[in-house]
Structure formats: structure tokens, C-alpha cells
Amino acid sequence: MTSPYKGIKPNKWLETTKKLVASHPLSKDELKSLVLSSWEDIFDSQIGKKPYYIGKDIFPKPQIIGFLLHELIQVKIEAKYPKIWRKEKAAKDKDLVYISDEKFSFEIKTSSNPQSIFGNRSYAQKAKSEGKGKSGYYLAVNFEKCTHNLAKPKILKIRFGWLDHEDWLGQKAATGQQSRLSRNVEDGKLLLIYSAK
């Protein structure tokens, strides 16, 4: 897939990103609403017969909160548009697949880091033919950690845009398991669609 940023200088990336986001089947407002309602669902959900609540009785680590948010966003979009969107089924699928045109399919990345998102080490490595492509649309969500001192954490920011495989930077150490984005890429290729006040 040819990068939509090919031949475009970094100081012009944001203009291209705005066009890419505007052409996507899901609007900025709808994506924002889906993420925020999914976040609320996490803290409104009951667990067990007692029942127990996240943020009141249970304080999951960020990885668990991120997993729940990731899954709820997928479920909500698939339920709202059952013949248009679907969750991933195969290794080559993005997290959410736009059935009629896969170029609009996208990955979801969540992080308790207030600014950055991360991928696993494979994001910075050459993709295998049978695996999912690392270039395409991304929904990035940053949130506060759930702790005893912060029972109702907030979504800090929601961004949407297009990332290319080459944008992911692997850790230099051979044992490093994480990949990241440069500040230039995060600012130019991910459009801010929500920020906590």
C-alpha cells in the first residue's frame, strides 16, 4: 500500500491527516462518542453477584483497562453497523474491518501514558505476508490509571489518523519488546479529536 504521505514534507503532514480523517466512514464526532461511551461502560459494569465495580472495589492495571476499552469499542461499532463493520477474525485483519473497503479498516491503540501510544516489537519489524499490515488508520486513546486515589479516571485524549509501518521505532536493545512513534509523527499523523478539560 502506497503511503498517503509519500513525497509530503513533515510540516505538511497534518493537512494530509485532516483529509484522511475527513474521508473516513466514521466521523470524528462518532469516534469520540464511541470511545467515551465505552469508557463509561467500564465503570458502570457490575462484576459478580455482590456486585463489584471497577474503580470502587476493583482497580485493574492499565493493561486490563486498555483491553476492556479496546474490546468495547469493537463490540459497539460492530453492533451499530453489523453489515458494514466487523471485529477481526483472522491474523491478517485489523482490529476493526470495514467490509466493503479494507483501506478504511483500523487498529486501536490504548495507553495510560498521558501523551504517547506504543506497539509491540513487531510493529517496528518488516511485516510477514500472512500477518496484518502495520500501515493504515489508527485510533489512539490515552487514559488515566485507575487507582484508589483516582476512582473515576478520565480519557485524556483521543486521536485518529494514518500511520505507516516505517513510523514505528523499535527499542535498540535486542530484548526490547516495545515500539514507539516520534513526536513528529504523533503530532503530524494523529489528529486530536478529543482532549480532557
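The values are calculated or read from the model by the stated rules, or taken from the named source; none is laboratory data. The model shown is predicted, which means the values in this text are computed figures rather than measured ones. FYI the Cβ positions are ideal-geometry reconstructions off the backbone, even for glycines, and counts take in every protein chain you see.
What number of residues in the range 30-63 are assigned to a helix (DSSP H, G or I) and touching a residue at least 24 places away in the same chain (Cβ under 8 Å)?
12
Checking Phe43 against (1) closer than 16 Å to Lys154 by Cβ; (2) among the aromatic types (Phe, Trp, Tyr); (3) out of contact with any strand residue (DSSP E or B) (no Cβ under 6 Å at 6 or more places or on another chain), only one condition comes out false. Which one?
Looking at each condition in turn, Phe43 falls short on (3).
Testing Gln63 on (1) under 19 Å from the mean Cα position of the chain (by Cα); (2) surrounded by 12 or more Cβ atoms within 10 Å (Cβ to Cβ); (3) not aromatic (Phe, Trp, Tyr), one condition comes back false. Which one is that?
Gln63 satisfies every listed condition except (2).
Take the conditions within 27 Å of Leu181 (Cβ to Cβ), assigned to a helix (DSSP H, G or I), modelled with pLDDT of 95 or more and in contact with a Lys or Arg (Cβ under 6 Å, 6 or more places away or on another chain) and apply them to Leu69. Does it pass?
Taking the combined requirement at face value, the residue does not satisfy it.
Given (1) more than 19 Å from Phe160 (Cα to Cα); (2) under 19 Å from the mean Cα position of the chain (by Cα), identify the lone condition not met by Pro25.
The failed condition is (1).
I'd like the residue in the range 134-164 that is of a type outside the set (D, E, K, R) and more than 15 Å from the chain's Cα centre (by Cα) and, out of all such residues, is modelled with the lowest pLDDT. Give the derivation first.
Here is the first cut: in the range 134-164, the residues of a type outside the set (D, E, K, R) are 135-143, 146-151, 153, 155-156, 158, 160-163.
Add one more test, that the residue is more than 15 Å from the chain's Cα centre (by Cα), and what stays is 146-151, 153.
On the way: Cys146: 93, Thr147: 91, His148: 89, Asn149: 89, Leu150: 86, Ala151: 74, Pro153: 94.
Here the answer is Ala151.
Check off (1) at pLDDT 95 or above; (2) within 21 Å of Ser37 (Cβ to Cβ) for Lys94 and give me the number that stays unchecked.
Just one mismatch for Lys94, condition (2).
Any residue at all in the range 165-188 that is outside any strand (DSSP E or B), among the hydrophobic types (A, V, I, L, M, F, W, C), surrounded by 16 or more Cβ atoms within 10 Å (Cβ to Cβ) and at pLDDT 95 or above? Steps first, answer last, please.
The initial filter retains those residues of the range 165-188 that are outside any strand (DSSP E or B), namely 165-167, 171-177, 182-188.
Add one more test, that the residue is among the hydrophobic types (A, V, I, L, M, F, W, C), and what stays is 173-174, 185.
Narrowing the set further to residues that are surrounded by 16 or more Cβ atoms within 10 Å (Cβ to Cβ) leaves 185.
Imposing the further condition that a residue be at pLDDT 95 or above reduces the set to 185.
Checking the range 165-188: at least one residue is outside any strand (DSSP E or B), among the hydrophobic types (A, V, I, L, M, F, W, C), surrounded by 16 or more Cβ atoms within 10 Å (Cβ to Cβ) and at pLDDT 95 or above.
Given the residues Lys18, Lys83, which is the only one that is among the charged types (D, E, K, R) and either assigned to a loop (DSSP other than H, G, I, E, B) or over 30 Å from Asn184 (Cβ atoms) (or both)?
After applying the criteria, what remains is Lys83.
Which of the residues spanning the range 55-108 are of a type in the set (Lys, Arg), closer than 20 Å to Lys28 by Cβ and in contact with an Asp or Glu (Cβ under 8 Å, 6 or more places away or on another chain)?
Within the range 55-108, just Lys94 meets the criteria.
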